[in-house]
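See structure below.
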Amino acid sequence: MPAQRKKPKVAVWKFASCDGCQLSLLDCEDELLAVADAIDIANFPEASRAFEKGPYDISLVEGSITTPHDEERIHRVRRMSRVLITIGACATAGGIQALRNFQDVEEFISAVYASPQYISTLSHSTAIADHVPVDFELRGCPINKFQLVEVINAFLNGRKPNTPAYSTCIECKRRGTVCVTVAHGTPCLGPVTHAGCGAICPSYNRGCYGCYGPMESPNTASMSGVWSKLGVDRDGLVRAFRGFNAFAEPFRRESEAHERD
């Protein structure tokens with residue numbers, strides 16, 4: 001009788017984050033049933049106290065690197081993971097906490113904490129890929145659960161994940177949503193933002209906030225030009241590109257281009 005094939009081991013790791021992307025994984029419910037019999041979730045503290053030692057076939061990493069301890073820990077995670085997938089804006093771009101990267105973090109610590117000498121933190125909040133090799137980055141704040149299941153399924157079957165590389169504007173067109181910029185003059189980051197949310201904000205007559213980070217090869221300078229014509233000043237442009245994905249390279253570069261001296 002042939003030996004029973006061992007299930008691939010999947011681990012989920014948390015670094016500096018709000019846990020929202022892990023909750024998206026828990027929210028998969030019925031969708032996860034499609035792959036549940038094919039994998040062994042060996043480490044997922046958000047869902048269970050059960051723990052199996054590595055190595056792991058797939059590691060899903062949420063959160064950014066903000067402390068010396070986590071800077072060391074991510075290297076341990078990488079060594080015990082055959083495939084490492086980062087999930088969410090924190091893991092792929094440093095997250096909202098990367099706003100510290102544009103200021104003096106020591107000044108923040110002194111203002112917030114009564115005993116700042118006990119705080120051990122890095123001057124920057126950085127993406128996982130800035131520290132270790134990453135096999136795939138799944139963007140979003142939070143991530144799209146259907147995209148997550150697709151990515152897991154793809155790596156389990158040795159194929160390339162089928163996730164969109166186009167902008168949020170394509171999602172608007174597919175759902176028949178009228179362009180809020182063209183129709184109402186509403187500033188919208190949709191043309192430079194990665195698809196994935198289903199264009200939720202424009203469907204409610206609100207501009208896109210860039211939750212899914214920059215699309216491939218975004219023309220952020222042109223986007224800023226359009227916003228300027230709509231009456232958005234330099235400070236407004238800086239704030240627009242400094243959201244959940246503030247330290248993603250295209251957004252970081254564009255926000256710095258409009259900072260006042």
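None of the figures in this text is laboratory data; all of them are computed from the coordinates on show. Since the model is a prediction, treat every value here as computed from it, not as a measurement. With ideal geometry, Cβ positions are generated from the backbone for all residues, glycine too; neighbour counts draw on all protein chains shown.
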Sorted by chain and then number, the residues having a modelled amide H within less than 5 Å of the amide H of I41, at least 5 places away or on another chain, are V10
Between the modelled labels at A38 and I109 (7 Å from Cα along Cα→Cβ) the distance in nm is 4.6 nm
Amide H proximity to S59 below 5 Å, modelled H, separation 5+ or other chain, gives A11, V83, L84, I85
Quick numbers on the chain, Rg and Dmax over C-alpha atoms in Å, give 19.9, 74
Chymotrypsin sites (Phe, Trp or Tyr not before Pro) in the range 75-161 lying in a DSSP loop, each with at most 14 other Cβ atoms within 10 Å of its Cβ, come to Y113
For the chain, whose charge dipole is built from +1 on Lys and Arg Cβ atoms and -1 on Asp and Glu Cβ atoms, the candidate among I65, M215, I170 with its Cα farthest towards the positive end is I170
For K145, counting only lysines whose alpha-carbon sits under 27 Å away and dropping same-chain residues fewer than eight positions off, the answer is K6, K7, K9, K14, K53, K160, K173
Over all pairs of different Cα atoms in the range 168-257, the reciprocal of the mean inverse distance gives a Kirkwood radius in Å of 12.8 Å
Stretched fully, the stretch from L99 through R234 gains (0.36 nm per residue minus C-alpha distance, one decimal, in nm) 46.9 nm
Taking alpha-carbon centroids only, the range 58-124 lies from the range 178-224 a number of Å equal to 28 Å
So, with points 7 Å from each Cα along the Cβ direction, the A221-S203 label distance in nm works out to 3.5 nm
Within the under-14-Å Cβ sphere about H194, not counting H194, Lys/Arg +1 and Asp/Glu -1 give a net charge of -3
The range 67-199: Kirkwood hydrodynamic radius (Cα pairs, Å) comes out at 17.5 Å
